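Presented below is the structure to which this report refers.
The values are calculated or read from the model by the stated rules, or taken from the named source; none is laboratory data. Computed from a predicted model, the values in this text were never measured in an experiment. FYI the Cβ positions are ideal-geometry reconstructions off the backbone, even for glycines, and counts take in every protein chain you see.
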Amino acid sequence: MNRLTIVLIAAAVLVVGAAATIVISLRSGDATAGPDARQAVTPSDAEKRGRAERLFGGDPDRDVRGGQEMKPRW
């Protein structure tokens, strides 16, 4: 293979990659640009906190918000 062929293949790969990136970003942008984006309901801080507590679990009997968060090893 000569240098011209390698340069053309590399340029084609870059063009295809750039085109794919643009297409993907435009498709993801359509979901946020629609009329429903303005009417989307954002969860409150209490809902976010409750979801995080359910996700991460933990000991419900131990209060980790105030004071020492971890039980000492000794």
*asked:* Going by what's in this entry, would Ala18 be described as in a helix (DSSP H, G or I), at pLDDT 90 or above and not β-branched (Val, Ile, Thr)?
replied: yes
*In region 41-56, which residues are modelled with pLDDT of 75 or more and surrounded by fewer than 10 Cβ atoms within 10 Å (Cβ to Cβ)?*
Ser44, Asp45, Ala46, Ala52, Arg54, Leu55, Phe56
